[in-house]
Structures are given as C-alpha cells and as structure tokens.
Amino acid sequence: MASKIKVDQIQTGDGTGTIALQNQLSGMTSASMPTGSVLQVVSGSGGGVVNSSSNSFVDTGLSAAITPSATSSKILIIVDQNLASGGAGYWTGFGIFRGSTAIKETSYIQRPGGSHLHTQVAYNYLDSPNTTSATTYKTMFKASSGTAQTNDNSAPSTITLIEIAG
C-alpha cells in the first residue's frame, strides 16, 4: 500500500517563515529540469574475448544506446575497457564511437617485451550529440601488428551513458 504525507506548509529551519507546497513538483518533466541535472542513466557490458590483427578499428562488443530528451542534452560516456596488446613492441589503439563516427581516440597501450599486456582503460568523455533520436555509443580497438585482444573474461568491460540537461 502506498503512503501519502499531506501538508500545506513546511516551516523554515530557523522558524521565521514557511514554505508553501502548492503542487511544486506536479508536471515536472525532463525539459523543465535545470541545466546540469541528470536525466537518465543507461549501461551496458561487453561480451567474451575479441581478438583482432586488423590495424583498422574493430568492434569490441561493448555498446549502449540512449535516446536524449532534448537536442541540448549532453551525454557523459564512462568506459572501463579491458585491452591487451600482443608481443614485444606491439600497440593497441582504442576509441569511443557514436554510431560509426569516432568521437574520442586514445593513445595506445604498448608491451615493451614478452607476451600480451592486459590493462583496464578507464575513459570519460562528454559528448553533445545534438539529437533526440536513439544514439548508440560503442568502443572499438585496433592492433599495430600481431594480435590485440579485448574483453578478457577475468575483467569485464562496462560502458555507462548519463544524459545531462543542457
């Protein structure tokens, strides 16, 4: 059973006045939220291990979709991605994409010697997609040579999208 609290006024902390509560929150929509308010949060997680020897970007399997409520909204993208580079001197590139468009590429992780180097890449990026259509964000990676790897099962990868009122 739902509970209700009914009051007409709340007294200020110092007792010198009151605050009227006449439908202050009724009709509140995302469009009426002040700039900087969090409007929605969406998250996704990556699948199994992905290997690639391509020096062009390849999907990691990590993605999430969000539908912004206004064209002025910003999307804060938070990524925690597991990556590995193979072999001595090889590097792995990493990028965040909005659909097929690269919006942020990182420096490369590199293994100076020996076998694969596994690392977690933590990345944040504030995007302005300027749309109210469903928008998919994903991560991609590439190898300089040899084989690069992502989504090691021992360290799952995640992506979180936060819509912020603009």
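What to note about this one:
- Just one of (1) open to solvent by less than 40 Å² (accessible area, probe 1.4 Å); (2) at pLDDT 95 or above fails for Val79. It is (2).
- Where a residue in the stretch 41-65 is of a type in the set (D, E, K, R) and its partner, wherever it lies, is surrounded by fewer than 18 Cβ atoms within 10 Å (Cβ to Cβ), with Cβ under 7 Å and at least six apart: none
- Residue, surrounded by the fewest Cβ atoms within 10 Å (Cβ to Cβ), within the stretch 84-124, restricted to residues that are among the hydrophobic types (A, V, I, L, M, F, W, C) and modelled with pLDDT of 80 or more: Ala122
- Residue, farthest from Ile77 (Cα to Cα), within the stretch 31-45, restricted to residues that are outside any loop (DSSP other than H, G, I, E, B) and among the hydrophobic types (A, V, I, L, M, F, W, C): Ala31
- Complete set of residues in the stretch 52-76 that are assigned to a loop (DSSP other than H, G, I, E, B), of a type in the set (Ser, Thr, Tyr) and surrounded by 16 or more Cβ atoms within 10 Å (Cβ to Cβ): Ser69, Ser73
The values are calculated or read from the model by the stated rules, or taken from the named source; none is laboratory data. As the structure is a prediction and not an experimental result, all values here were calculated from the model. Quick reminder, even Gly has a Cβ in these numbers, built from the backbone with ideal geometry, and neighbours come from all protein chains shown. Side chains are part of the model used for accessible areas, which takes the heavy atoms of the whole protein and leaves out ligands, DNA and RNA. Shrake-Rupley method; radii C 1.70, N 1.55, O 1.52, S 1.80 Å.
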